[in-house]
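Below: the structure, in structure tokens.
Just so you know, all these numbers are worked out from the coordinates, no wet-lab data involved. This is a predicted model, so every value here is computed, not measured. Cβ sites come from the backbone with ideal geometry, for glycine too, and all protein chains shown count toward neighbours.
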Amino acid sequence: MTDTAPTDATITVVSSLSDIAREDWDACANPDGETYNPFLAHDFLWSLEESGAATAKSGWLGQHLVLADGDGSPSAVLPCYLKSHSMGEYVFDAGWADAFERAGGRYYPKLQASVPFTPVTGRRLLVKPSPDADRSRAILAHGAATLAERHTISSVHVTFATESDWRILGSAGYLQRTDQQYHFFNDGYGNFDDFLAALASRKRKTIRRERRDATASGLEIVHLTGSDLTESVWDAFFTFYMDTGARKWGRPYLNRTFFSLIGERMADRILLIMAKRGDTFVAGALNMIGSDALYGRYWGTTENLPFLHFEICYYQAIDWAIAHKLARVEAGAQGEHKVTRGYRPLTTYSAHWIAHSGFRDAVEAFLRQERQQVARDNKVLEEYLPFKQSEETGPER
């Protein structure tokens, strides 16, 4: 594959975000005039590293690719990590690792081009706007594979990529994989009632009842951002995060320091939706604010109350996004129950370069079938959306 890679480009590999200036990284990751994705920002990725959440010790050794232009300043970057496991990725390849190692191969370490612990779609081939942008993206794609070949690494995995990056990676010899998430799209609603008016009557009544029941015990819902994000607020939220993390995957990935760091560096890009009883917080969800989307991330509670999860994570997020004229809400990975609450099924994309030809062929055959199944599932799930046009023709819901 790498025989066809461009040869007149210089790529360096840095093991830490501290080795590249914030303004240089952000000029590639979130250039002026482009859609802003908070998870690609130097502040976010450096906070993961500085806090110890994403480091060699936790199995996330930085191997970030930096493409330099004529004056030596970065013109393109690829957030990349040398991984000793497959945790915290949300595109599951543990079965691949097991099969390869049972056949006598060594799957780990592998290269992972992603945002750690974050199943949010975004550009991965991060290039400054220029007439040669697509060429630079192709150079990064080939560069990651070359890095793997030179160090006898089994594979490169680019996860939650944009469809555009996915196609460039496919042209560079990466295998193409799809999956699904559920996103709310703001169809020009003026407020939450406008959204409800677009739903079938039965679903409209259900959502109103769920919202009413969620706070029936006297809870108050508050939105906190910017200077509202005090250390005491983060203490409360971290309690919720740890409880959910311990129950869902045994060992939460993030630590308390990480939340303080992003609170210092990105306060205006953070929205905490919190429920309180009197002066005591009892539940909350963290959201990151992009230029066109609200990204729901972590949730937790100290009280098990009916529909509170739906209210804080889904309905409040929709309400806030509509009020702030954002185009969509991305409420994290998985969860078919989101469909009946107005979140549409959407295809997500990842790309995988595999060194061993026989193993590559086996994975390629699997992915061909998986892509077909994802397309079928999305088509079926569309029929369960709660909007009026489905009320007479759709299946019983």
Select from region 65-87 the residues that are surrounded by fewer than 21 Cβ atoms within 10 Å (Cβ to Cβ) and under 26 Å from residue 253 (Cα atoms) and list them in ascending order. 84, 85, 86, 87
Step by step: first the residues of region 93-132, then only those that are in contact with a His (Cβ under 8 Å, 6 or more places away or on another chain) and either without any contact (Cβ under 8 Å) to a residue 24 or more places away in the chain or not charged (D, E, K, R) (or both), then the one that is surrounded by the fewest Cβ atoms within 10 Å (Cβ to Cβ). Which residue is that? 105
Qualifying positions in region 17-39 - assigned to a loop (DSSP other than H, G, I, E, B) and out of contact with any Leu (no Cβ under 8 Å at 6 or more places or on another chain): 20, 21, 31, 32, 33, 34, 35, 36, 37
If residue 96 passes every condition in (1) within 22 Å of residue 12 (Cα to Cα); (2) touching a helix residue (DSSP H, G or I) at 6+ places or on another chain (Cβ under 9 Å); (3) part of a helix (DSSP H, G or I) but one, which one does it miss? (1)
Given (1) touching an Asp or Glu at 6+ places or on another chain (Cβ under 8 Å); (2) surrounded by fewer than 17 Cβ atoms within 10 Å (Cβ to Cβ), residue 384 misses just (1)
Could we say that residue 259 is aromatic (Phe, Trp, Tyr), in a helix (DSSP H, G or I) and touching a helix residue (DSSP H, G or I) at 6+ places or on another chain (Cβ under 6 Å) here? yes
Only one of 89, 101 is over 19 Å from residue 166 (Cα atoms) and either of a type outside the set (Ser, Thr, Tyr) or not in a strand (DSSP E or B) (or both); which? 101
Taking region 104-130 only, how many residues are out of contact with any helix residue (DSSP H, G or I) (no Cβ under 9 Å at 6 or more places or on another chain) and outside any loop (DSSP other than H, G, I, E, B)? 1
